[in-house]
Amino acid sequence: MSDSVAQGRLPGTPVAIVDIGSNSVRLVAYESHSRAPTPTFNEKALCGLGRGVATTGLLPEDAVAKALAALQRFRVLCDTMRIGDVRGLATAAVRDAANGPKFLALAQRAIGCEITLLSGAQEARLAALGVASAIHGADGVVGDLGGGSLELTDVRDGTANAGLTLPLGGLSLMDLSERSPKKAAKIVRETLAGVKTLQGLAGRTFYAVGGTWRALARLHMRQRQYPMNVMHNYVIPTADAVEFARLVERIEVDALLAIESVSAARRPLLAYGAAVLEEIIRVAPPKEIVVSALGVREGLLYSQLPPEIQAKDPLIVSAREFNRLRSRAPEHGEDLFDWTTRLLASSHLEEDDEDRRLRHAACLLSDISWRAHPDYRGTQAYDLVANSAFIGVDHPARAFLALAAAYRHLSNEDFVTPQSRSLVSARQLDRARILGAAMRVAYNISAAMPGVLPRAPMVCEKGHVVLELPADLAPLSSERLQSRMRQFARLIGGVPEIRASI
């Protein structure tokens with residue numbers, strides 16, 4: 001095991017991105033430049049650089065001062081974290097303002113790195129790549145709503161097509177409408193009329209990117225008391241999205257339930273973000289709204305990876321990294337995957353590609369809570385998986401993985417709340433139970449060490465569940481192992497049998 005893993009970090013050089021947006025200036029540091037980049041630090045300053053640009057053509061002096069102060073602070077933070085690879089981006093406000101070039105020069109001096117001024121087309125492409133890299137099988141239209149602009153890009157089979165940029169950012173709409181949500185809605189309707197990118201959205205997914213839409217989604221999540229706190233891949237049914245958008249446009253924002261979860265500086269933009277979302281849905285009703293926490297920054301990192309790394313499954317990459325950091329013997333996770341593959345192939349249980357993918361991830365995550373007290377390993381495993389920074393997995397699949405990790409340690413149902421159960425189908429819950437019970441048998445044989453399971457296969461034969469133990473492992477045939485065999489066999493409708501060689 002490398003020193004970096006032993007110290008709680010994975011191999012690789014950290015990287016940071018400074019994103020100068022129309023509303024916020026943000027620093028995000030990542031553990032490394034990988035297929036599934038894990039943020040290690042995330043800080044933003046709501047500077048409002050785009051405030052007034054639509055009407056005056058200039059970045060406000062007070063916003064420039066705030067932004068430069070934030071960049072100086074970010075430079076110190078990057079030095080403190082010993083991050084030498086810092087990359088800067090600037091978007092709509094800076095490219096649209098007459099004093100944008102002057103600000104850009106000052107900004108580069110403040111942060112100490114080159115800042116790339118993205119065109120609207122570049123911004124649209126990177127936002128779409130961020131979504132495609134983080135959502136498995138993304139197919140629909142990506143909408144990145146910032147303070148100064150809205151980017152729309154069609155994504156199919158993980159490939160981003162050419163996008164377009166429109167002057168429909170929250171700050172721009174606030175200025176152009178003279179702070180009237182009704183006037184803003186009229187501007188949005190006129191601007192979106194005939195936009196070709198939206199013509200292909202009907203019946204597909206709309207992927208919402210950007211802080212204002214994330215804030216709206218957070219409010220929606222809190223109002224329905226949603227049982228998971230992860231924002232990425234949160235789904236809002238189209239009908240719900242329309243009704244919620246109209247509610248936000250209609251009433252005083254501070255009267256909204258759970259409004260305290262949104263920063264005071266972000267709240268004035270909610271009605272304008274709601275107006276844009278409502279009009280997009282009206283033009284071409286999507287089947288659902290999916291929130292992506294990843295966008296331009298992650299799209300930039302993804303675009304700079306070699307094709308063979310881009311092709312990797314981010315969920316499996318994330319699970320392997322978690323496995324390396326937290327398991328007793330990481331190689332055992334792959335043994336467990338092969339062992340359960342042989343078991344399921346011999347059974348009556350059907351498995352498609354997505355089932356296999358999730359089982360692989362579950363096996364890699366099966367030993368991540370071993371340091372906890374035995375009484376709490378199951379609940380800790382559930383919480384770790386349910387709230388981790390995984391990408392490439394939707395909420396039902398995330399809940400399945402969390403349940404499987406918990407069932408690995410617990411045979412009772414006490415930890416399964418009605419809320420967590422509501423995220424998975426009956427089939428997913430059954431599969432989580434079966435996989436967890438199989439893992440319990442496997443760990444009783446292997447003690448989470450590699451090289452054991454390949455020598456002790458468990459298969460289904462003519463109504464029996466047969467575990468074969470070679471002579472040197474025969475003493476493992478104890479009452480405890482037999483009890484776990486019975487628990488597993490009961491779930492799939494078989495008779496347990498241990499065949500130990502003499």
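The values are calculated or read from the model by the stated rules, or taken from the named source; none is laboratory data. Every value quoted in this text rests on a predicted model; they were computed, and no experiment measured them. Here Cβ is always computed from backbone atoms with ideal geometry, including for glycine, and neighbour counts include all displayed protein chains.
Brief remarks follow.
- Annotation note: of G140, G130, G112, the sole residue that is assigned by TED's automatic domain parsing to the domain that holds V283 and either surrounded by fewer than 20 Cβ atoms within 10 Å (Cβ to Cβ) or out of contact with any Gly (no Cβ under 8 Å at 6 or more places or on another chain) (or both) is G140.
- Filter pass, A208 being out of contact with any Asp or Glu (no Cβ under 7 Å at 6 or more places or on another chain), modelled with pLDDT of 95 or more and closer than 30 Å to F390 by Cα: yes
- From the options G392, G378, residue that is on the phi > 0 side of the Ramachandran plot and either under 25 Å from the mean Cα position of the chain (by Cα) or at pLDDT below 95 (or both): G392
- Residue in region 214-225 that is in contact with a helix residue (DSSP H, G or I) (Cβ under 8 Å, 6 or more places away or on another chain), outside the structural domain of V393 (by TED's automatic domain parsing) and small (G, A, S) present: yes
- So E308, is it of a type in the set (D, E) and more than 23 Å from the chain's Cα centre (by Cα): no
- The lone exception for I502 - which of (1) modelled with pLDDT of 95 or more; (2) over 23 Å from H373 (Cβ atoms); (3) hydrophobic (A, V, I, L, M, F, W, C) it fails: (1)
- Looking across region 208-248, just one residue is without any contact (Cβ under 8 Å) to a residue 12 or more places away in the chain and among the aromatic types (F, W, Y), and that is Y226.
- Of all residues in region 140-173, exactly one satisfies the criterion of being over 20 Å from I20 (Cβ atoms) and in contact with a Pro (Cβ under 7 Å, 6 or more places away or on another chain), namely G140.
- Output for region 241-268, where each listed residue is within 23 Å of the chain's Cα centre (by Cα) and over 11 Å from Q223 (Cβ atoms): A241, V262, S263, R266
- Taking strands (runs of 3 or more DSSP E) as the structural unit, those lying wholly within region 152-267 and holding at least 1 residues that are of a type in the set (S, T, Y) and under 29 Å from R51 (Cα atoms) correspond to 164-166, 205-209.
- Taken over region 332-352, the criterion of being part of a helix (DSSP H, G or I) and either in contact with a helix residue (DSSP H, G or I) (Cβ under 9 Å, 6 or more places away or on another chain) or outside the structural domain of F400 (by TED's automatic domain parsing) (or both) is satisfied by H332, G333, E334, D335, L336, F337, D338, W339, T340, T341, L343, L344.
- The set of residues from region 67-95 being without any contact (Cβ under 8 Å) to a residue 60 or more places away in the chain and either more than 16 Å from A29 (Cα to Cα) or not assigned by TED's automatic domain parsing to the domain that holds T55 (or both) comprises A67, L68, A69, R95.
- For S327, the requirement of being out of contact with any helix residue (DSSP H, G or I) (no Cβ under 9 Å at 6 or more places or on another chain), closer than 22 Å to I445 by Cα and surrounded by fewer than 21 Cβ atoms within 10 Å (Cβ to Cβ) is not met.
- Of the residues making up region 231-246, those that are crowded, with 19+ Cβ neighbours inside 10 Å and either more than 19 Å from A185 (Cβ to Cβ) or among the β-branched types (V, I, T) (or both) number 4.
- Residue match in region 29-37 (condition: surrounded by 20 or more Cβ atoms within 10 Å (Cβ to Cβ), touching a residue at least 60 places away in the same chain (Cβ under 8 Å), part of a loop (DSSP other than H, G, I, E, B) and touching a Phe, Trp or Tyr at 6+ places or on another chain (Cβ under 7 Å)): yes
- Residue in region 41-55 that is farthest from L176 (Cα to Cα), counting only those that are at pLDDT 95 or above and surrounded by fewer than 16 Cβ atoms within 10 Å (Cβ to Cβ): N42
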